[in-house]
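The values are calculated or read from the model by the stated rules, or taken from the named source; none is laboratory data. Just so it is clear, the structure is predicted and the values come from calculations on it, not from any experiment. Neighbour counts run over all protein chains shown; Cβ positions are idealised from the backbone, glycine included. SASA here: full protein model, heavy atoms, side chains in, ligands and nucleic acids out. Shrake-Rupley method; radii C 1.70, N 1.55, O 1.52, S 1.80 Å.
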Amino acid sequence: MMTSLAADPALQVSSLSVSFLEEDGSLEVLDNLTFSIERNAFVCLVGPSGGGKSTLLRTLAGLIKPAGGKILFPLHHGTTPQTGLVFQQPNLMPWRRLTENIALPLELAGYPREEIARRTADMIRLVGLQGFERSYPHELSGGMAQRVAIARSLVQDPDILLLDEPFGQLDEMNRERMGDELLRIWGQKRKTVLMVTHSIPEAVYLADRVLVLTQRPARIGLDVEVPLPRPRQPELRYTMEFLQIARRLHEHLAQSQPE
């Protein structure tokens, strides 16, 4: 499956392979995966459960060493850019207040106290959590906790934001609200985003482009541009163009499932 080449790529993945050693042999997860992502683009990644989507994000973040292939960041001339990674669970420190959770990456990186305070306050305003600065994680709703996780990932001003099913634990209405919040944040920060989701409508609503992984060992099975106007409005979900794109993705995934 050929994928479209980005004219101004922030990320280029070439022949990427990842495998894990198990007791009964090697488990191939990603096989010769090749694609590129345009700078400042919002790209969603969908595919079958267990197909390697999370493994891909962790490999891009440097948490997993690939068995082969290349991951290139052309805008950084061979150096590794700062990446932000948001998991399905917020993974907040329960003993730290909201402000302290967001500030944690800056503290670990040794930023001056004044810089930490300024950046953290900026992030709290960005994600709309003013008034909750002293709240502990157990005092926050699921959506609020995930906004804290997004703020924590953005506080070091990463070049690329990797989102691993960040709204998977939310109900449908809150998931849609958080999608709108994410688009608002992305519109202000304009980062390059690669987001894993199991929801086809969510992928179509959020993304400029949707990549579909095949069954494991995963390759790109489909690469679909989403030419819907921005800013995205909720009523867009009911337009014929939206439904046609969602149907194409759904049919491709259904056909790729094993018998």
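Some observations on this one:
- Flag if PRO81 is more than 24 Å from GLU181 (Cα to Cα), in contact with a strand residue (DSSP E or B) (Cβ under 7 Å, 6 or more places away or on another chain) and in contact (Cβ under 8 Å) with a residue 60 or more places away in the chain: yes
- Among the numbered conditions (1) in contact with a Lys or Arg (Cβ under 8 Å, 6 or more places away or on another chain); (2) at pLDDT below 95; (3) among the charged types (D, E, K, R), the only one that ASP223 does not meet is (2).
- Selection from the range 73-86 of residues that are at pLDDT below 90 and either exposed (fewer than 15 other Cβ atoms within 10 Å of the Cβ) or within 21 Å of SER199 (Cβ to Cβ) (or both): PRO74, HIS76, HIS77, GLY78, THR79, THR80, PRO81, GLN82
- Sub-8 Å Cβ pairs linking a first residue in the range 232-256 that is open to solvent by 90 Å² or more (accessible area, probe 1.4 Å) to a second residue that is part of a helix (DSSP H, G or I), at least 6 apart or interchain, are HIS250/ILE200, ordered by first then second residue.
- Against the list (1) assigned to a helix (DSSP H, G or I); (2) closer than 21 Å to ASN174 by Cβ, the condition PHE132 fails is (1).
- Contacts under 8 angstrom Cβ, first residue in the range 45-64 being closer than 16 Å to GLN12 by Cα, partner assigned to a loop (DSSP other than H, G, I, E, B), 6 or more apart: LEU45/THR197; ARG58/ILE64; THR59/LYS65; THR59/PRO66; GLY62/THR80
- Qualifying residue in the range 119-128 (condition: of a type in the set (S, T, N, Q), crowded, with 19+ Cβ neighbours inside 10 Å and under 21 Å from ALA203 (Cα atoms)): no
- Selection within the range 53-72 - open to solvent by less than 50 Å² (accessible area, probe 1.4 Å) and assigned to a loop (DSSP other than H, G, I, E, B): ALA61, ILE64, PRO66
- Only listed residue being over 17 Å from the mean Cα position of the chain (by Cα), closer than 19 Å to LEU85 by Cβ and either crowded, with 19+ Cβ neighbours inside 10 Å or not acidic (Asp, Glu) (or both), chosen from VAL46, VAL29: VAL29
- Filter pass, LEU104 being in a helix (DSSP H, G or I), of a type outside the set (Lys, Arg) and open to solvent by 60 Å² or more (accessible area, probe 1.4 Å): no
- Pick from the range 176-214, criterion closer than 30 Å to ASP31 by Cβ and of a type in the set (D, E, K, R), ranking: surrounded by the fewest Cβ atoms within 10 Å (Cβ to Cβ): ASP208
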